[in-house]
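Written below as structure tokens is the structure these notes are about.
The numbers here are math on the coordinates, done by the rules we state, and not lab data. What you see is a predicted model; the values in this text were computed from it and never measured. As a convention, Cβ positions derive from the backbone with ideal geometry for all residues, glycine included, and neighbour counts pool all protein chains shown.
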Amino acid sequence: MNEKAVRRWTDIANPTRFLELAGSLLPWIWGAALLTLGAGLFMAFAAPEDYQQGTTVRIMYIHVPFAWLAMLCYTMMAASALGTLVWRHPLADVSLKSAAPIGAVFTALALATGSIWGKPMWGTWWVWDARLTSVFVLFLMYLGIIALTRALDEPSRSARAAAILTLVGFINIPIIKFSVDWWNTLHQPASVFRLDGPTIDPSMLWPLLICAIGFTLLFLALHLMAMRTEIWRRRVIAMRRLSARAAEMKPVEAAR
Amino acid sequence: MLALYLRDVKLGFRAGSGALTGVLFFLAVVTVIPFGVGPDLNLLARIGPAILWIGALLASLLGLDRLFQADREDGSLDLLLGAQDRHMLALTVLVKCLAHWTTAVLPLVIVTPLLGLFMNVPPIGLAAAMLTLLIGTPAITFIGAVGAALTVALPRGGLLVSVIILPLTIPVLIFGVAASRGAVAEPDPFLPPFLILSALTLFFAVIGPAAAALSLRGAAD
């Protein structure tokens, strides 16, 4: 059984198998993502208003999942980076490269929704507190990784470079997570993932969790699509090179 | 290793471009600030240590892209990589970083008191800024080595190096400025941020060269 599972896992390493599998899974994941998101957003609007914040608390149902996903995506990229460096898994680099823009967008959305929420609640669009700053640094790291992966056109070389940069930047993730505990900041401390259980009321926790699952599924769908596109792009480049080489060879053969 | 260090230091000082340009850039950055914020001496005294730190950070980014590129162009990088069974590559990178720091960053630290006078920083603040820069800037060089190694194969990697490593240097900047401000402003402590700064330098002295060595090996094959 275990051996079978391992073989299945190595089968996915084959890009063609991966393309087939991802292609057949994608519609289901899209469907599940849209259903969960629809249900989650509906529940978010049915959820009670906060006694202090009024209706602006509903921003939480998208802001928090965006922020979680920004960190989840980076963690996944770090895992892919390990896959590239340790096992030289051919798909790990594809996964890292195609996740970076998605992660950057989620981080930007977390920052944007956060500052839209901050304007009525804190009275300012932006403060330089530890949580906000560290998430902003995360955004810059995403952009740096994107810039680096786009600067080197040889996939094998850019794979290692991006993997190393991602791993070095992973230091930032624990800083983001614990920034609200280490520093006394304007951003509220963790209220869902705590040792002594969530301090948020179940009537708000459930819509939040369902929204989070929905956005995670959406991320998964987008990521799989981006990975497929990246594999196809690499194949097209390889084929173009092959045909260019063949076209170069022909006149030589004709001259002979 | 000592020979490599001496060679790099000599190259750094004799090539003419390195050390002096960095110091001039530092001077230019610091001179521009009063034009931007106005010549209010009290304000300048308050933000002075921060300005010195930012200027030194930017100036020490300048030569970083040449850290390995020059060696790659004349082929000595291949020799260094080839000798990695005798000398651990991370150690070689560490020595190169130290040499780069000596030639490009140490002059910045030395001129700091002079520039601090322009900023109307009190003497004890000058001493604190110089001390924190002395302890903190090696961390910037070690982080920079990673960026330099990642972009070694790029023809114009200079800007990319800065973009990649600036986010990583933010902790160094935070604690460096906190420590140098702590020496002047009374309620803020000096020692805790200073010790964290030292810890950061030691931490990056391990992580930086190791990651840089890994990516140099990747760039070579």
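Data for the structure
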{"quantity": "Proximal lysines relative to residue B:10, as straight alpha-carbon distance under 18 Å, when same-chain residues fewer than 8 apart are discounted", "calculated": "B:96"}
{"quantity": "Equivalent ellipsoid semi-axes, segment B:78-221, via Cα gyration tensor eigenvalues times 5, rooted, Å", "calculated": "32, 15, 13"}
{"quantity": "Relative contact order of segment A:124-256, defined on C-alpha pairs under 8 angstrom at six or more residues apart (%)", "calculated": "21 percent"}
{"quantity": "Mean shadow area of the protein assembly as shown over all directions, Cα convex hull, nm²", "calculated": "30.9 nm²"}
{"quantity": "MRE, 222 nm, helices only [DSSP H, n ≥ 4, -39500 (n - 2.57), over the protein assembly as shown, to nearest 500]", "calculated": "-28000 deg cm²/dmol"}
{"quantity": "Mean-position separation - Cα centroids, segment B:163-180 and segment A:83-111, in angstrom", "calculated": "25 Å"}
{"quantity": "Residue order, fewest to most surrounding Cβ atoms within 10 angstrom, among A:49, A:248", "calculated": "A:248, A:49"}
{"quantity": "Helix axis angle, A:155-169 relative to chain A longest principal axis, alpha carbon, degrees", "calculated": "20 degrees"}
{"quantity": "Rounded Å value of the spacing that divides the Cα centres of segment A:197-244 and segment A:28-79", "calculated": "15 Å"}
{"quantity": "Normalised contact order of chain B, rounded percent, pairs of Cα under 8 Å and 6 or more residues apart", "calculated": "27 percent"}
{"quantity": "Dimensionless Rg over Rh [segment B:143-209; C-alpha; Kirkwood]", "calculated": "1.13"}
{"quantity": "Amide H contacts under 5 Å for residue A:50, placed H, 5+ residues apart", "calculated": "A:57"}
{"quantity": "Cα-based shape type of segment A:150-235, given that a ≥ b ≥ c are square roots of the gyration tensor eigenvalues and the cut on a/c is 1.5", "calculated": "oblate"}
{"quantity": "Only Lys, Arg (+1) and Asp, Glu (-1) charged, at Cβ; segment A:209-254 dipole about Cα centre in debye", "calculated": "120 debye"}
{"quantity": "Exposure proxy order (Cβ contacts within 10 Å, fewest to most) of A:105, B:172", "calculated": "A:105, B:172"}
{"quantity": "Point-charge dipole on Cβ atoms (K/R +1, D/E -1) for chain B, about Cα centre, debye to 20", "calculated": "180 debye"}
{"quantity": "Under 25 Å from the Cα of residue A:177 - lysines, other chains or at least 8 residues apart", "calculated": "A:97, A:119"}
{"quantity": "Distance (nanometres) between label positions extended 7 Å along Cα→Cβ at residue B:114 and residue B:13", "calculated": "1.7 nm"}
{"quantity": "Overall form of segment A:16-165 per C-alpha gyration tensor (a/c, 1.5; a/b vs b/c)", "calculated": "oblate"}
{"quantity": "Residue order, fewest to most surrounding Cβ atoms within 10 angstrom, among A:204, B:119, A:141", "calculated": "A:204, B:119, A:141"}
{"quantity": "Derived scalar couplings ³J(HN,Hα) [segment A:202-216; Karplus, 6.51 cos²θ - 1.76 cosθ + 1.60; whole Hz; x for Gly, Pro]", "calculated": "x, 5, 9, 5, 5, x, 4, 5, 5, 4, 4, 4, x, 5, 5"}
{"quantity": "Most positive-pole-ward Cα, B:84, B:60, B:39, against dipole of chain B from beta carbon charges", "calculated": "B:84"}
{"quantity": "Furthest towards positive pole of dipole, A:188, A:125, A:152, structure part segment A:102-216, Cβ charges", "calculated": "A:152"}
{"quantity": "Cα shape, segment A:21-108, gyration tensor, a/c 1.5 rule", "calculated": "oblate"}
{"quantity": "Hull volume in cubic angstrom per residue (convex hull over the Cα atoms of chain A)", "calculated": "177 Å³"}
{"quantity": "Percentage relative contact order, chain A, counting C-alpha pairs under 8 Å, at least six apart", "calculated": "32 percent"}
{"quantity": "About the Cα centre, charge dipole magnitude for the protein assembly as shown (Lys/Arg +1, Asp/Glu -1 at Cβ), debye", "calculated": "1340 debye"}
